[in-house]
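The values are calculated or read from the model by the stated rules, or taken from the named source; none is laboratory data. As the structure is a prediction and not an experimental result, all values here were calculated from the model. Counting neighbours? That spans all protein chains shown, and the Cβs are built from the backbone with ideal geometry, glycine included. The protein model used for the area step is the full one, side chains on, heavy atoms only, and it has no ligands, DNA or RNA in it. Shrake-Rupley method; radii C 1.70, N 1.55, O 1.52, S 1.80 Å.
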Amino acid sequence: MSETKNPGEKKLTLTLKPRTETGVVRQSFSHGRSKQVVVEKIKRRTVGGPAEAKAEPAPVEAPKKVAAAPAPKAPPAPETPKSGVVLRTLTEEEMAARASALADSRVREAEERKAAEAEAKRRASKEGIEQAEREAAAARKREEDARHKVEEESKRKAGEVAKKRLGDDEVKKPAPGVRPKLEAEADDEAPRTARRPGGGPGAARPATARPAAPRAAPPKERGRLTLVTALRADEVRERSVASFRRRTQRMKGHAANEPKEKLTRDVVIPDAITIQELANRMSERAVDVIRLLMKQGQMATINDVIDADTAQLIAEEMGHTARRVSESDVEEGLFDTADDEGALESRAPVVTVMGHVDHGKTSLLDAIRQADVVSGEAGGITQHIGAYQVTSASGDKVTFIDTPGHAAFTAMRARGAKVTDIVILVVAADDGVMPQTIEAIHHAKAAKVPIIVAINKIDKPGATPDRVRTELLQHEIQVESLGGDVVDVEVSATKKTNIDKLLEMIALQAEILDLKADPGRPAEGTVIEAKLDRGRGPVATVLVQRGTLKIGDLVVAGAEWGRVRALVSDTGAAVQTAGPSTPVEVLGFSGTPDAGDRLAVVENEARAREITDYRQRQKREKSSARATGMRGSLEQMMAQAKTAGRKEFALVIKADVQGSLEAIAGALDKLGTDEVGARVLHSGVGGISESDVTLAEASGVPIIAFNVRANKEAREAAERAGIEIRYYNIIYDLIDDVKKAMSGLLPPTLRETMLGNALILEVFKVSKVGNIAGCRVTDGNVERGASVRLIRDNVVVHEGKLSQLKRFKDDVKEVTAGQECGMAFENYQDMRQGDVIECYRVETIQRSL
């Protein structure tokens, strides 16, 4: 017999006699474990008599960890005589193995017993919890049943009280819903009983109605009302609970129909609103709103859009309070918020230099700044608005704004006057007051800012400052020397004469104005100029007016917004912040803003997008209205009808800065007449790109470039497409060339020059030629090929040309007064004696703007 215990244990082998029986037993354990055990059974040889025949010993199993199931006891064998065979006893190792197996079995049995006890406890606790839940549910059910019984009892008592309140007549009176057949049958039953003969069994029956059921009895539960149930004699028809409920509801309904107090709501009304939305905001029915509109003569549906005025009338008509709002409300609180009085600090004055062209504005500013800006301007004239900050000898800072003096830059001068504190009016002593000088005076008066007159060029031989002071009186500018309140300073920009005195007057005027600002608040300012730089992107020159502008601020200017990436001062140095009255270049805009737009710092990106989306939408609507011309007043429609047939000179304009672009567009617009006008297909800031060339090619128009150039790709594309690109750096030349091109579109003027008159004396008919008029030239002369009019009784009957002119039989070119000749007309034969021939020449004269 052999067995293998756990892996790693050695095998024990028991060797017996060869008379053995071997078998395999499969043992099963807990948790699904099983094991096969080899069992060897040794039979004992029976030799002799009963003395040796003892009970056959139980089969000996090989040592194993788990004992095999005990075999059934064998029946006692008859005694046999002892044989010579003796069983060998177990060794110590075998006994130790058996003892170990028995000990392991006892340990396992103890563990299984403990696991069974734990399982029993868990089941008992689970059953206890379930039993408690069942009892709680039963208790809840009993409470619910008791509550239902109490409610039913209270309903029953309420029904009895209602019946008593209604009285017997109301109870006996059938409900409106009961069939009238029941009443008829109850009435017919009494006569039938009365006609029965007396003395019979039915004589004792009274001819009265059945007694009514007791009032205190609970109402019966009935099913459907059928013919059988209606004719049953043992049942009394009473008012049902449902009937009583219906009656209660009717009574409540009458009370509900009583007029209620109307709620007044605060209705927010935008610029346009649908009828459905207006009804929802008023908590009214849309049908009522439509009915009110129909009374006013307006047919509308629930989805129609009405304007704010109509919506306000409807809301007030229905008793509500209307509160008007607009899309422009998104800009509320963006500008002009009050400053903290305790945080105000003195700021530098903003001084704008204005005057006529070539009167020395930029030269005077160069003398103050000790710089040379004039040499950098094309043609020696200023075509850009510039902003600079200068520190005077006393240490005070002054911000100067230089404006162009040319007539085309009116908008630039107006912007400069709006953002300034003081205006320096530069007038040349040798030239006097000029048109742009007068315009600058008007801008300064419109902006309500003080004026300091700088009489320049006093070093020139023909300078007469007194003449300038006298001419200024005509425009209500009275200087101090003439008893007025306007300060005047005689200066020379080239010799730098009295520059310090001019700065002193500026400081004195600023001190009188007491200029202050709060540097701690969010910044506000004005875009002085804007351009598109190839390396830096959109760049805006901003004059900060209130607060402090910092790098990283979210700013909004017009229809563009962005985060400030860099700030560059007028000297070209990068700065981190810009305080009040400081001009800086701002980088970081999403697009190029328009010059003159106000700049403000907003708190988050969502607010910036909301404002710019609204402004872009407004710009699109204005441009579409201007393009279609469908909107406007009657005067605009008449003006459009008047100019409907005029010719247009279309062009594409690209400029270096926004201000120059604006000035060019304004100047071209002024060139237009009723017959011809300039139309700008596209205008932008920056160099000429391929998209500009593509647009010009599609429209067949030239490209005007002012202080910009086309890149290589755009230049090649223009050469391939045959698109002309005209480059300019002086606005005079640009306007003159466009004016000439527009003049070429004007139709020429036809002018008649009278040559002479001739009287027809006789008409001759010539074969193969036609009629020929024999005439005498009365005045002037007659030329062959000239235009003629045939006048009969002072009425023009024909206009044409002379085909033949002969004197005697010879063709001549001209016949003078007093001579006779023969004339033939082209394609006209109806000439009569006494008609007058008027001869004239038509000249074509080219027009110009």
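A few remarks follow.
- FRET efficiency estimate (nearest 0.05) - Cβ-Cβ, Thr749 to Thr778, R0 35 angstrom: 0.75
- Using the 1.4 Å probe convention, the accessible area of region 714-849 works out to 59 Å² per residue with neighbouring protein chains retained.
- Region 554-620 - percent of accessible surface contributed by carbon and sulfur, probe 1.4 Å: 45 percent
- In this structure the amide hydrogen of Arg324, modeled in the peptide plane, comes within under 5 Å of the amide hydrogens of Ile269, none closer than 5 places in sequence on its chain.
- Average accessible area per residue (Å²) across region 414-476 - probe 1.4 Å, nucleic acids and ligands excluded: 41 Å²
- The GluC sites (Glu not before Pro) found in region 303-352 that occupy coil by DSSP, while having at most 15 further C-beta atoms within 10 Å, are Glu332.
- For region 117-161 versus region 672-748, the spacing of their alpha-carbon centroids is 95 Å.
- Computing FRET efficiency as 1/(1 + (r/R0)^6) for Tyr614 and Leu344, where r is the C-beta to C-beta distance and R0 is 41 Å, gives about 0.80.
- Solvent-accessible area of region 453-542 (1.4 angstrom probe, protein heavy atoms only): carbon and sulfur portion equals 49 percent.
- Entries in Lys457/Lys501; Lys622/Lys739; Lys397/Lys531; Lys531/Lys670 that, when Cα-Cα distance is taken, lie over 22 Å: Lys622/Lys739; Lys397/Lys531; Lys531/Lys670
- Förster-model FRET efficiency, 25 Å R0, Lys114 and Arg33, C-beta, rounded to 0.05: 0.85
- Accessible surface, region 514-631, averaged per residue in Å² (probe 1.4 Å): 46 Å²
- Of the trypsin sites (Lys or Arg not before Pro) in region 754-829, those whose Cβ has at most 12 other Cβ within 10 Å and which sit in DSSP loop: Lys768, Lys809, Lys813
- In a simple Cβ point-charge model (Lys, Arg +1; Asp, Glu -1; nothing else charged), region 491-585 has a dipole of about 280 debye relative to its Cα centre.
- For Ser492, net neighbour charge (Lys/Arg +1, Asp/Glu -1) across residues whose Cβ lies under 10 Å away: +2
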